[in-house]
1. From the residues in segment A:364-381 that are of a type outside the set (A, V, I, L, M, F, W, C) and assigned to a helix (DSSP H, G or I), which one is surrounded by the fewest Cβ atoms within 10 Å (Cβ to Cβ)?
2. When only residues in segment A:104-133 that are small (Gly, Ala, Ser) and more than 16 Å from the ligand (Cβ to nearest atom) count, which is surrounded by the most Cβ atoms within 10 Å (Cβ to Cβ)?
3. Six or more apart or on different chains, Cβ under 6 Å: which pairs go from a residue in segment A:79-90 that's of a type in the set (Lys, Arg) to one that's within 16 Å of the ligand (Cβ to nearest atom)? Could you list them?
4. Which ones in segment A:284-301 are more than 16 Å from the ligand (Cβ to nearest atom), within 12 Å of another protein chain (Cβ to nearest Cβ) and at pLDDT 95 or above?
5. Answer yes or no: is there a residue in segment B:152-161 that is open to solvent by 10 Å² or more (accessible area, probe 1.4 Å), assigned to a helix (DSSP H, G or I) and touching a residue at least 60 places away in the same chain (Cβ under 8 Å).
6. Could you please let me know if A:Lys84 is out of contact with any strand residue (DSSP E or B) (no Cβ under 6 Å at 6 or more places or on another chain), within 16 Å of the ligand (Cβ to nearest atom) and of a type in the set (Lys, Arg)?
7. With A:Ala45, A:Ala53 as the choices, which residue is farther than 22 Å from A:Thr348 by Cβ, open to solvent by 50 Å² or more (accessible area, probe 1.4 Å) and more than 7 Å from chain B (Cβ to nearest Cβ)?
8. Within segment B:424-436, can one find any residue that is more than 26 Å from the chain's Cα centre (by Cα) and farther than 23 Å from B:Ile83 by Cα?
Amino acid sequence: MRNTQATQLIFEMSRIGRRATVLPPLDLPVPAVDQLVPKDHQAEAPLPLPELAEGDVVRHFVNLSTLNMSVDTHFYPLGSCTMKYNPKRNERLCSLPGFSAVHPLQDPATIQGLLQALYELQGMLAEISGLPGVSLQPAAGAHGELTALMVAAAYFRDRGENRTVVLTADSAHGTNPASAAMVGYETRTVKSRSNGLVDVDDLKSKLDGSVAVFMLTNPNTLGLFDSQIREITSLVHEHGGLIYLDGANMNAILGITRPGDFGADLMHYNPHKTFSGPHGGGGPGAGPICVRDFLAKYLPQPIVMKNGDTYHLGTGENESGTNDSIGRVRSFFGNVGVLLRAYCYIRTYGGLGLRRVSEDAVLGANYLLSRVKHILDVPHGDRCMHEFVASASKIKKARGLSAMDLAKRILDYGFHAPTVYFPLVVDEAVMVEPTETESKETLDAFAAALFRITDEAPELVHEAPHSTKISRPDDVTASRRPIVRWTPE
Amino acid sequence: MTGYLFHTDQDRREMLEAIGAASVQEIIDAQVPADVQMKVPLAIADGLDEMSLESLMRSLAAKNASAASHTCFLGGGAYDHFIPAAVDEIASRGEFYTSYTPYQAEVSQGNLQVMFEYETLVTQLTGLAVSNASLYDGGSATVEAVLMSLAATKGRTKVVTTTALHPQYRQTIDTYLESIEADAVVIEATSNGTSESMIAAIDSETACVVVQHPNFFGRYEDVQRIADAAHQAGAIVVQVFDPVSVGLIKRPGDLGVDIAVAEGQSLGNHLCYGGPYLGMMACREDLIRRMPGRIAGQTTDRRGKRCWVLTLQTREQHIRRDKATSNICSNQTLLALRATIHLSLLGPHGLRETAEHCVAKTEYARQQLSRCQRLEIVHTGPVFKEFVVRDRDGDVAELMQTAFNQGILAGVPLASWYPEMSDCFLVAVTEKRSRAEIDRLAEVLSSSLAAV
Ligand SMILES: Cc1ncc(COP(=O)(O)O)c(C=O)c1O
C-alpha cells in the first residue's frame, strides 16, 4: 500500500521544464525588468530550485505526512509537551480572512475586532495567572523566559542593584539555564531532594544578594506540585530576588491555584500546550508572559489597551511619559494565529470548564500512574499532578531494557513514545503526560502495551521499532559527518 | 459542559477507584497547600458551544479590514503575496499540523524529510552551505545572527548597522544587546546609500555588520563592497535578504555574506497580523556548530536505508543548557513546511517571475504616483518591491484615511520610526496587485488633492 516514491526528495523528482505556478501576463508600460534592476545586482544563473508539477508536489507531501505520528492519529503522551486534542473549530475560525489576512502594520482603528480578542486574552491570562501585567509578544515559551528575564534585569538596573545570578532547579527544562545565559546571567543549580521537591537547604545556601531570579517550574517536571512553595518564594523575596514560574505545566492548575497567589513574580504560558495550539511538527508556539504590577512598565510594547469602546496599541503602565519598556523582542505584534486559538479555547471552556480541564488532566495522569507503577518503577510516589516520571533503571538492570528501548517498542503498538531521558534528575526517565483529552480505554491500552513490552524478548525490543518506515537511525554518524543538504550526485 | 472532555461519570468513578482516591480534589489537596488554592472560580465567562463560538469569532473577524477586504499596498517586512491553494490544503493535514518536534525519528520521517528539504531549499536560495530548520521570525533571526557573530569573534563588541535596516529589527537587536557586552552602531542611511559610511565604521572591534538588501526602503545596497571591507577587518557579514528577491538578484552567498537571515512570511505564509511567521537562517559551513535551532540531517537506519534525524544537538539547550548556542526549543516548523511547499510549486521560474512582477509593478506604481501633484517619489534610483513616497501636504494620516475609505490600504506611515520622514509613507507592490488596482491607488491619492 505504501507509496515508495514518497521518500524521494523533491530534488530527485525534479525534471527540467516542469512547473506548477503560472502568473498572469505582465503587460505594463515599463522598461524590461533587466533594465529596471542594475546589471551588477542581477543574478548570473537561475536558482537551482527543483522543477515540479502541482500533482507531484501534492502527492509527495501528502505521502510524507503519512510517515508522521500526530495527535490527530495517535495517542501522544510526550511528557512536558501537553499534546492534547487540537480543536478543528479553532482552525476554521482563526483562518477567517478577517484574522488571517490582516497586515501587521495596519492602523489599529481598522482592526478593532482582532484587538478586542487580544485585549480580552490579555485579561484572561492575567486572571488565570494572578499576575496583572501581560505581554503577548514572545514567540514561544523559551522566548517568554528570555523576555521575562530581561524584564527582571531592567527592574534591577532601575533599582541600582547589581545581581548577576539566576538559580534554576536541577529538574528544570534546558531552556531555563539557556535563557538566563542569553541575558548575561551566571546560572547556578538548586538541587532537589529524593522526593523530587526543591531542597530548601540547598536553596538557602545559594541565596544571597547576587541572586536576581529563581526559575521554578510548578508543578515541576516530575509532575509534582511543590508543597513548600510559600517557603521557597518567601525566602527568595526576603533576599530581594524574584520568582520566575515556567508555565509549561499550567495544564495541571487552571482555576486550582495561581502563580501570582503562590508567590511568582513573572511567568510565561505555552498556549500551544495548555490552550491547544497545534504543535505544527515543532512549532509555532507562543510565549505570552505575565508579571506583577511593579514589573509591568518594563514589558515589551505594544500592549493592547482599551479607551472607552476603542482598542489601541499602548505603551504599558507608563503615566510619566518616560518609557521604561525593555523594547521589542521580535518584529510585529506576536504569534497572533496561536494566540487567537488560545482565545477560542478559553472561550470554549469558560472559567469553570478550565478547572475541569486541569482536574481531568490530573485524573488521567493519576489513573495511568496507578497502572504503570505496577510495570515500571515510579520513584516519586503514587500521586502526581498532570504527568509523572517513571524510571526504566530497574528493568534495565534486570532485563537490559533501557528507556530508549521502551520508547522505540511502544511505537510498534501504535502509540507515540513518552519523553525519555528528561528530566535529568531521574535515571532512565520515562515522562508520561496523557492530557485530559484521552479516554480511559486509550490509557488502558497504553498501559497494557507497556506491560507486554516489559515481558518481551529483549532482542526483539532492542531492535524495535519493527513496524515503522525505518528502523533506528544512526545518530552518531549523522553528527560526526553532517549531511544537512541534498547535493546532486 | 462545553469543551472536549472524554470521561463519563462511570469512567471517573472507575478511574478514582483504581487510583484509590475518593475524588480528584483529594489528589490535589495532597499536593497543593490549601492556602494557595483558589477559593473562587476564575472570573472568565461561561464556556461557549461551537455554534456560539463561531458567531462570536465571525462577528470579531467582521470588524477587521484586511488584505482580503481591501487592496493591500502595505509592506515593511510582511507582504501580500499570493498563496496557492495547495499550500493551505497540504499544510492543514493533521499528520503535519498536530505532530511535534521529531524526537522519535522513526515516526517523524515526514517532518524530518520536510525539514531536510526546507534546509536544502534555503541553501539554494542563499548560496550558503547550511541552513537550520527555522527560527521565530525575521527580527529574532537577525538577532540570533548577531549573537552568533559575537560568539564567533570573541572579544569584539561592536555591531554595525544602518537606519535602512528594518526599524523593528534594530529595536530587537537593541533589546538583546542591553544585557550583554556589546553595542550597536547605527549608520544614518543617506540618499546616496549607506555603504561608504558603513565601511568607515568597521574596525578591529567590529564583530559584524548587518545590512538589509534590498533595504527597508526597497533599495539595493552594495553588499559586496561592505563584505570585502568587513572581512578585511575580520568581521562577519550578516545580510537580511528578501526570499522573493533572490529569484532575480544575486544571492547572499554570491556577495560574500557569511550569515543570511530573512523573514519567510513571503513564502506561502499568511499575514495574520504579524505571526506566526518564519525566521530563516543560513550560514557558511564552518559556522554550523554555532547555529541556533534545530537542524535535520541525513543518515541511515540499521538496515542501511537512507533516513533523516535531528542532528548536531550538542548545540542545543536540552543538551548543553547554559552553554547552548541559543535557548530556542519550539520553532516555526509548520511555517517552514508551508515555505517548502510554496517553493516546490514556484520552482526557479515561478520565483523569478514573481520577483519580476514585483519589480515591474513597483516601477509602474512609482510612475503613476509620481504623476500625483501632492506626491513626491523620495528615491528615484532602482528599487525592488517597495518605495518611499512623500506627501507634499504633510498629512499622511489624512491621505491614508482617504484611501482606506476607498477600499485601499495605501502604505505604511514612516513617522514613528523616522522623524525626518514624518511626511512619508512606504508603498509595497507585490505580484498580486493588478494594473487596475495600481491605477486606482494613483487615482484615489490624486483625488485627495482635490479635497484639500
Ligand atoms: C518545562 C518546559 N519549559 C520550557 C519549555 C520551552 O517552551 P517552548 O518550546 O514553547 O519554547 C518547554 C517546552 O518543551 C518545557 O517543557
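1. A:Arg371
2. Filtering segment A:104-133 for residues that are small (Gly, Ala, Ser) and more than 16 Å from the ligand (Cβ to nearest atom), the one surrounded by the most Cβ atoms within 10 Å (Cβ to Cβ) comes out as A:Ala117.
3. These pairs meet every condition: A:Lys84/A:Ser276; A:Lys84/A:Thr435.
4. Selection gives A:Tyr298, A:Leu299, A:Pro300.
5. Yes: one or more hits.
6. Against the criterion (out of contact with any strand residue (DSSP E or B) (no Cβ under 6 Å at 6 or more places or on another chain), within 16 Å of the ligand (Cβ to nearest atom) and of a type in the set (Lys, Arg)), A:Lys84 qualifies.
7. Values: A:Ala53 fails: open to solvent by 50 Å² or more (accessible area, probe 1.4 Å).
It is A:Ala45.
8. no
The values are calculated or read from the model by the stated rules, or taken from the named source; none is laboratory data. Please read all numbers here as calculations on a predicted model, not as lab measurements. Glycine also receives a Cβ, built like all others from the backbone with ideal geometry; neighbour counts cover every protein chain displayed. Only protein heavy atoms, including side chains, enter the accessible area calculation; ligands, DNA and RNA are left aside. Shrake-Rupley method; radii C 1.70, N 1.55, O 1.52, S 1.80 Å.
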